[in-house]
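To start, the structure itself, in structure tokens.
The values are calculated or read from the model by the stated rules, or taken from the named source; none is laboratory data. As the structure is a prediction and not an experimental result, all values here were calculated from the model. Each accessible area value is taken on the protein alone, full model and side chains, heavy atoms only, with ligands, DNA and RNA left out. Shrake-Rupley method; radii C 1.70, N 1.55, O 1.52, S 1.80 Å.
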Amino acid sequence: SDDFKQAFAKVDVLLGPSSPDTAFKLGEKADDPISMYLSDIYTIAVNLAGLPAMSLPVEMVNNMPVGLQLIGNYFREGQLLNVAHQFQQVTDWHKAAPENF
């Protein structure tokens, strides 16, 4: 929490990956709960700190979406939504979908 507070003293919004991998197919990791847990590794600190965050699709790799995580400061949800909206206005990744999903 303190690290985030220090970061937000210098910047308005943080961004980073949502997951260390692309999305996986439905049921693909049902027998591997550790792998599924590790897919959330980049979002855990944000949740523990109680910060607003959202994941946006930013690219397709091997026909699966890659997510970008936007993290906002406490009680700055509006600013976070505005950044996401601006990103959507200049990209078209939100329209992409996996083929043969």
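Structural remarks
- Alpha carbon Rg of the chain, scaled by the compact-globule rule 2.2 N^0.38 Å: 1.17
- For the chain, the share of accessible area belonging to carbon and sulfur comes to 55 percent (1.4 Å probe, ligands and nucleic acids excluded).
- The relative contact order of the chain comes to 30 percent, based on Cα pairs under 8 Å that sit 6 or more residues apart.
- Per residue solvent-accessible surface (Å²) - region 21-89, probe of 1.4 Å: 65
- Folded to 0 to 90 degrees: helix 77-90 orientation relative to the chain principal axis, Cα: 50
- Partners for residue 25 among lysines (Cα-Cα distance below 23 Å; same-chain residues under 8 apart left out): 95
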